[in-house]
Structure formats: C-alpha cells, structure tokens
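The block underneath contains the structure these notes are about, expressed in structure tokens.
No value in this document is a laboratory result; all are computed from the given coordinates. The model shown is predicted, which means the values in this text are computed figures rather than measured ones. Every residue, glycine among them, receives a Cβ derived from its backbone with ideal geometry; neighbour counts consider all protein chains shown.
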RNA sequence: GGGGGCGUGGUCCAGCGGUCUAGGACAUCGGCCUUUCACGCCGGGGAUCGCGGGUUCGAAUCCCGUCGCCCCUACCA
C-alpha cells in the first residue's frame, strides 16, 4: 500500500503559518516517500467553505510551491458518503437520535489507546468522553464524522495535523472502528504560538503566507524557516535546499513542544537566500512582486543589503523615482557647515568627468574633492547621499552615483543646493 | 471540574545514561572592515536543562511527585 497523506486547511481564505507548516510537513513526508499528497476541504461551515476562499488557499499553496496530486475534493461533493455513514452507524446501534441530532455512543468504561508518531503512546479513558454529535438536526455532518469518512474513502494512510486534534483522535478512531475501516497512522505536530505564548494570530503581525509573500519573503526561504519550526535535522544545520528537506525530513524527529514564530529569524534567513539569488532572478522577483520595472543596476548595488524584496524600495528606489523630499533628521545631521560648498565642488567635478561615467571614475573624482577640502570622506559622501536619495542610508555612494547617471545626479545636487539656500 | 499533551539561554532546533565545564542558528553586546546602512569576519554575555525527590559509580537524559503553559471537554474545526 502506498503512502497517501492529506492536508485539510480551514478555508477561511487565509493560509496561516501554522497551516502552511502542516501542509509543508505533509508534503515533505509524501515527497520523501514517493507517496501522494492530496488536499481536501472538510470544513462544513458554508460561510467559510466558499469557492473563493478555497481558491485563495490554493493560491497560497501554489506560491509556496507545494504541489498536490489530486483534489481538493469539496466538502459538498462528499455529502452523500457522510450521510450514508451516519445512517450506517445509526442502524448498527453505534449512534442514536437525540433531539433531532445523531449522537455517537461512547462506552462508559474502558480505555482507548493509539500510537502517535511524534507523541508516542496515548491513552484515553472512555469515561471522559461524552456521547458526541456526528450529524446536526439539519442533517449536515460534523467534523469528526466527516474526517473519519473522508480518511476512509480516500485511502489516507498518514494523518499529520496540529496537536489541537489529539483529543479528537479517539472519537475518529471509534467512528472508523464502528465503520469497520482501517485507521491511518497519526502524527500530531506542535502548535505555533505568538511571542506572548498565545495562539498565533493577526495581532502578532504577519501571520499568513499571503502577508509574508507581500512583505517580500521568498517561498524557498519560508519553506526552510517553517520546516525548522518544530523540526531540526542535526546539531548544526540551518540552511537546507528543498531537495534536502525532502530527503531529510522525518516525523520521528518532529519536536513535541509548541514553537514561537520569530519573524526576525525569517528575515535573516530570507536575506541570505536573497543574496544567493542570481541578480537576474532577483530582478525578476522584484518586478513580479511590485509590478514595476526595476533597473538591473539598482538590483546589483542593493542585493547585499536587503533582507526582503520590500527592502529594495527604501534602499534603491531613488534610482526608479526621484525622492519626494528629504528626511529631516538626515538633512540636519549632514547638511551642516560647509556641506553646500563641498556639494558644489562635487557638482563641478562630476560635470567635468569624462566617459565612461562609472563607479571607478566617480570614485576618483569624489576622492579628489575629499583631498582638496582636507575633510573626512563622509563629509563629502553623506551630503551627496542625502542629495540624491533623501536619506543617509543607501548602497555604496560611487555605485549609486554611477547608476543614477551624471545628468540626474547633478540635477539632484542642484535641487539640494536650492533647498539649502 | 474531567481528560490529554508539553516544559533545554529572549526565540527555534540539537542532545536519547558518561566524550555536556550543554552544541548550532536568530536576537543582543563589543571589535575589525568602512563613505552610510548592511554583508562578512573575530570575540563576549546569557541555561544550576521548570521545581523537588528517587534510581545509579554517574542524569538534561530513567522513575515518582509538584508547579506552569497549551489542547479537548460545541448541533466549531
């Protein structure tokens, strides 16, 4: 029997990080074993389970590059099967009618034990589980029934889901057993918390893959980071390609305790992925995210300084648009005594510069000015930086000036000079 | 209340009875580099492994208790 794992997101239209990690673990498991990764929707809430919401989830999964082999089967298509199973359970005496709803009968005593791949042996006294509703009075199925029936019908062999479902497992096991079905292998992975120890939510900043994508994170970096949230390969490995992740991932090594999502670490890892990207590829991604054309030189001089694609704009956006104004703080600090005079000298030097107007030539001209005025390099460079970018933070000044071009640089210096007057 | 699960520096992960004076990453601090910010490199601080017992020559690692946190206990998923 080949492995079949399934991911069943809650179709709220937003793929939360926790859900993304669950999907990733399922996907890694299936890919690593040459098995099948399938999707399905089992949320019976009509408000949530809309085609639009489901499509948004699928988009997020596609962006993460977690391809699936089938599905998702919509909840509504399987309604018949759920109804049949409920009826079967009623007829066999495993369930009974209670004020219109159908309840599953749980024995008053006894013990239900099962093996969990990450948690080990888990045992529950049945006395602690009340008879539970499996079909509402309006005839619609409830979660525990739907899951059990779907797992059976789809031949699911491995169920990897959040630890909040541990307590539901005995109920699903009882339904499966009453239906005469073979139970799958269960693995419950730890939950994700925000920095305050509470369940991760929007209050904690970016909490969905859609938000992370828009914030300029790379899918491959996110996969790497998320994989490490509850799993580790060995003592020292942090960076792994997706191929390595697939090869090395195993449920047995998944941690048992809840993890806290730390965007700073994601940023740091993303920065490294960004730096290792081919410049052309990075440019393509910047353009895809922003929908704007990005000059190759702008990418080249800012690549080593960004951590996310969004960082590009404050860093090198001055090469695309003329800054709308000057950062007040920066202006104060840099445009003090003598700065205008030095800027004028820079202006003349650059104007007089021959071709090619490249970083090396610009450096020569600017260092001449430094020498002539007998000041520190930054006394010349920082005013230029503020003049052309509006701030004190930018890529290297020679590269920046060369990338901007003589004409535009001079124009911006003139504008700054006018502003200081 | 009942049931279940978890507990290693601020965060994530490693550690599975001795090689642990507990390792790596992020964060933090200091230094180098230097035109800013980063990157990179070097170095530092920070954990009596929740706490208390026990087993053992020896425990972060095994056992018991205790405390804390989380989950389920819905005609939510």
Quiz item: Taking neighbour counts of Cβ atoms within 10 Å as a proxy for exposure, in what order, fewest first, do A:94, A:82 appear?
Solution: A:94, A:82
Quiz item: Nearest 10 degrees, 0 to 90: what angle lies between the long axis of helix A:17-33 and the longest principal axis of chain A (Cα atoms)?
Solution: 70
Practice problem: Using 0.36 nm per residue of separation minus the Cα-Cα distance, give me the extension gain between residue A:353 and residue A:244 in nm, one decimal. | Solution: 34.1 nm
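R0 = 41 Å: FRET efficiency of residue A:91 with residue A:198, Cβ-based, nearest 0.05? Can you show the working numbers first?
Working: r = 44 Å, r/R0 = 1.08.
Given R0 = 41 Å and the Cβ-Cβ separation, E is 0.40.
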Quiz item: By per-residue mean of other Cβ atoms within 10 Å, what is the highest-first order of A:285-296, A:265-276?
Solution: A:265-276, A:285-296
Exercise. Can you tell me the 0 to 90 degree angle between the C-alpha axis of helix A:279-290 and the longest principal axis of chain A, rounded to 10?
Key: 70
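What's the Cα-based Rg to Rh of chain A, Rh via Kirkwood?
With Rh from the inverse mean 1/r over Cα pairs, Rg/Rh is 1.17.
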Quiz item: Roughly what percent of Cα-Cα pairs across region A:223-335 reach past 20 Å?
Solution: 56
Exercise. With a bin width of 10 angstrom, please list the P(r) values of region A:154-286 as percents of all Cα-Cα pairs, from the 0 bin to the one holding the largest distance.
Key: 10, 33, 32, 18, 6, 1
Self-check item: region A:312-421 pair-distance distribution - Cα-Cα, 5 Å bins, rounded %
Solution: 2, 13, 27, 27, 21, 9, 2, 0
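For region A:93-145, count the residues as N, evaluate 2.2 N^0.38 Å, and divide the Cα radius of gyration by that value, please.
Normalised by 2.2 N^0.38 Å, the Cα Rg of region A:93-145 equals 1.37.
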Quiz item: Suppose R0 equals 56 Å; then what is the FRET efficiency for residue A:420 and residue A:99 from their Cβ-Cβ distance, rounded to the nearest 0.05?
Solution: 0.10
Practice problem: Rank-order A:386-394, A:324-332 by packing density, defined as the average count of other C-beta atoms within 10 Å over each peptide's residues, highest first. | Solution: A:386-394, A:324-332
Exercise. Give the calculated FRET efficiency between residue A:322 and residue A:126 to the nearest 0.05, with a Förster radius of 51 Å applied to their Cβ-Cβ distance.
Key: 0.10
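Please compute the Kirkwood hydrodynamic radius over region A:68-158, one decimal place, Å, based on all pairs of different Cα atoms.
14.8
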Exercise. Calculate how steeply helix A:143-153 sits against the longest principal axis of the alpha-carbon atoms of chain A, using the helix alpha-carbon long axis, and give the answer as 0 to 90 degrees to the nearest 10.
Key: 80
